[in-house]
Amino acid sequence: MSSLMECSLETIINIFHHYSTRLEHHDKLNQREFKQMVRKELPNFLKKQKRDEAAINHILEELDTNGDKELNFEEFSVLIARLTVASHEEMHKNAPPGVGHSHGPGFGESRGTCKSGTEQTGHGHGHSHGGHGHSHNH
């Protein structure tokens, strides 16, 4: 059985290929495919940008390091990394006040719809961040 992280990585890869195989090169996202993916797969992460064609084009241009007007998987992975970091920061910003380390909702606004590893297995876990820890029991 795959771990939650392995499943998450596979999901990211599958989503990339779901959109990259629609037109032209089958291992790259062109501008149209990228826009479709942003609108469908990132509705909460990029709320303002998803309605703004210029903003989406700017994101694509910034990620397109080789200048071919398409995103290969390596370039796409930079977007995933940036969104992950931004969401993590948002989780800390929205964390409920109190002692210890906790996370509020990130940009994904999952509100419990995204399953953690403990929810999949039914077991609790604990971890620490710089000397302060917390645990989750489900």
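The values are calculated or read from the model by the stated rules, or taken from the named source; none is laboratory data. Fair warning: this is a prediction, and the values are worked out from it, not measured in the lab. Neighbour counts run over all protein chains shown; Cβ positions are idealised from the backbone, glycine included. Note: accessible area is taken over every heavy atom of the protein model, side chains too, but ligands, DNA and RNA are not part of it. Shrake-Rupley method; radii C 1.70, N 1.55, O 1.52, S 1.80 Å.
Would it be correct to say that Met1 is of a type in the set (A, V, I, L, M, F, W, C), assigned to a loop (DSSP other than H, G, I, E, B) and open to solvent by 70 Å² or more (accessible area, probe 1.4 Å)? Yes, satisfied. Got at least one residue in the stretch 4-23 being aliphatic (A, V, I, L, M), surrounded by 14 or more Cβ atoms within 10 Å (Cβ to Cβ) and in contact with a Gly (Cβ under 6 Å, 6 or more places away or on another chain)? Yes. Being modelled with pLDDT of 95 or more and under 14 Å from the mean Cα position of the chain (by Cα) is a condition met by at least one residue of the stretch 15-28. Scanning the stretch 62-80 for residues that are surrounded by 12 or more Cβ atoms within 10 Å (Cβ to Cβ) and assigned to a helix (DSSP H, G or I) yields Glu62, Leu63, Phe73, Glu75, Phe76, Ser77, Val78, Leu79, Ile80.
Search the stretch 15-38 for residues that are without any contact (Cβ under 8 Å) to a residue 12 or more places away in the chain and pair each with any residue that is crowded, with 16+ Cβ neighbours inside 10 Å and charged (D, E, K, R) when their beta-carbon atoms are under 7 Å apart and the residues are at least 6 apart or on different chains. Filtered contacts from the stretch 15-38: Leu23/Glu33.
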